[in-house]
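Q: My questions all concern the structure below.
The values are calculated or read from the model by the stated rules, or taken from the named source; none is laboratory data. Everything numeric here is computed off the predicted structure, so don't read it as measured data. All Cβ positions, glycine included, derive from the backbone under ideal geometry; neighbour counts span all protein chains shown. Please note that ligands, DNA and RNA were not included when accessible areas were found on the heavy atoms of the full protein model with its side chains. Shrake-Rupley method; radii C 1.70, N 1.55, O 1.52, S 1.80 Å.
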Amino acid sequence: GPELQEHVRARHGHLLGAPGTGDGEQLYECPMCSLTCTDIQILEEHVDLHLEEHNFSEGIIRDLELAQQLQSEEDERQRSEEEKREREEFKKLQRQYGLDNSGGFKQQFLKNMEREVDRGRMHPFEYHKRKADIMESLASGIDDGKTKTSGVIEALCSYYQNESKDVRRVWLSAGVDHFHSSLGDRGWGCGYRNFQMLLSSLLQNSFYNDCLRDTTLIPSIPKIQSMIEDAWREGFDPQGASHFNNRLHGSKAWIGACEIYSLLTSLRIKCQIIDFHKPTGPMGTHPRLFEWILHYYSKDNEGGAKVVCTSKPPIYLQHQGHSRTVVGIEEKNNKSLCLLLFDPGCSSQQMQKLLKQNSDGTGLRLLRKFVGSLKEKQYQIVTVDGVLSLEEKAARCRASQVLTSEKIP
């Protein structure tokens, strides 16, 4: 190149001659460029420089090619890792939402009982007896009541009347039975168990007799799954239905507020979903949720009584990964609020403690949740408030094909 010629000129300028200067000197022309030298050694050095430059640029190209090859191999590896990660995430989601075809309530119940027998925690006789019971419960579609605790609300009512110095006022739901997850739905059944709790309260209220004519007893989880599928077949929430491939029965699918809404509305029970889609207080807290629930219980119960046993149904409370049932709210002397929650993860043995009279209130720790302890990003509640006519039900079915949630700004 021109730089090279310059370089040679600089080093050997005094020896370079122009071609054909006619003074009889022997001239040597470079085979790679038009440079002419008067000395063979200079020409050799000059040609070596050409070759070095050539090898240098060849080397750069080779290095570039190698770098590109390594980069594309790295890209390929990352892509396949990404795909693998996505596949695993999808499988995890399917497992989490119970859509991995690993069986549902019945399969899980039997499998977990067999495990208990294998570990020596259950006698084979007990296994066969419980298997017969569970088969009967599944055939009838009625919950076997083995995880149910009744009478807690009534016990709370009398506890608050006699005790609790720091509570200024307390509002309680109408009677609610507590249901907890069993061997058949451990890890995924919370939505169904909360529905059973809500239903247990509605069944004690004659106002809902007409809607619940066909549901006089608490349905089992597989039965609730079929009831939700029935609601989808009627046209409720097609978007949600397609998320579950229109099938819940025989799966370990988690359900949430939308499925509860569809199910209740299909039974002509008037309810609404309210979405607390972002924190409304410091440190990721949700004071608006607490105020909303206080208003729900106290709206028609303004009287001066310290303990207000309302006729309000409990509230279904959902957040990412878990749901619970709100059964009341305390207002402390310092005006702070505290929710009372039934958790399906809480066992009968723990719940039974709340039934003992003259309790010192330590059992209440299971139920109490202050503003500072509800810090999920989002909460949804489903509240029940009356009965729908057939026309209203049809209108809500049509509306659910677009949207079922009202956002609290």
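Q: In the stretch 240-253, is there at least one residue being outside any helix (DSSP H, G or I), surrounded by 15 or more Cβ atoms within 10 Å (Cβ to Cβ), in the same structural domain as Ser266 (by the TED database) and in contact with a strand residue (DSSP E or B) (Cβ under 8 Å, 6 or more places away or on another chain)?
A: Scanning the stretch 240-253, I find no residue that is outside any helix (DSSP H, G or I), surrounded by 15 or more Cβ atoms within 10 Å (Cβ to Cβ), in the same structural domain as Ser266 (by the TED database) and in contact with a strand residue (DSSP E or B) (Cβ under 8 Å, 6 or more places away or on another chain), so the answer is no.
Q: Can you tell which of Gln196, Gln204 is within 30 Å of Ala305 (Cβ to Cβ) and within 23 Å of the chain's Cα centre (by Cα)?
A: Sole residue among the options that is within 30 Å of Ala305 (Cβ to Cβ) and within 23 Å of the chain's Cα centre (by Cα): Gln196.
Q: I want to confirm something. Restricting to the stretch 376-402 and keeping residues that are touching a helix residue (DSSP H, G or I) at 6+ places or on another chain (Cβ under 6 Å) and assigned to a strand (DSSP E or B), which single residue is farthest from Ala257 (Cα to Cα)?
A: Residue satisfying both the conditions and the ranking: Tyr379.
Q: Looking at the stretch 293-355, what strands (runs of 3 or more DSSP E) fall wholly within it and have at least 3 residues that are surrounded by 20 or more Cβ atoms within 10 Å (Cβ to Cβ) and outside the structural domain of Gln196 (by the TED database)?
A: Filter on the stretch 293-355 gives an empty set.
Q: Determine if the stretch 170-181 includes at least one residue that is over 23 Å from Gly361 (Cα atoms) and open to solvent by less than 40 Å² (accessible area, probe 1.4 Å).
A: Yes, the conditions are met somewhere in the stretch 170-181.
Q: Continuing with this model, one more query. Looking at Gln272 and the list (1) open to solvent by 20 Å² or more (accessible area, probe 1.4 Å); (2) of a type outside the set (Lys, Arg); (3) closer than 18 Å to His178 by Cβ, which single condition is not satisfied?
A: (3)
Q: Residue by residue through the stretch 125-181, note down the ones that are in a loop (DSSP other than H, G, I, E, B) and within 30 Å of Gly303 (Cα to Cα).
A: Residues satisfying the conditions are Ser150, Gly151, Glu163, Ser164, Lys165, Asp166, Ser173, Ala174, Gly175, Val176, Asp177.
Q: From the residues in the stretch 111-123 that are part of a helix (DSSP H, G or I) and open to solvent by 70 Å² or more (accessible area, probe 1.4 Å), which one is nearest to Thr216 (Cα to Cα)?
A: Across the stretch 111-123, the extreme among qualifying residues is Lys111.
Q: Additional query: From Thr265, Thr285, grab the single residue that is in the same structural domain as Tyr316 (by the TED database), surrounded by 22 or more Cβ atoms within 10 Å (Cβ to Cβ) and of a type in the set (Val, Ile, Thr).
A: Criteria check complete, one pass: Thr265.
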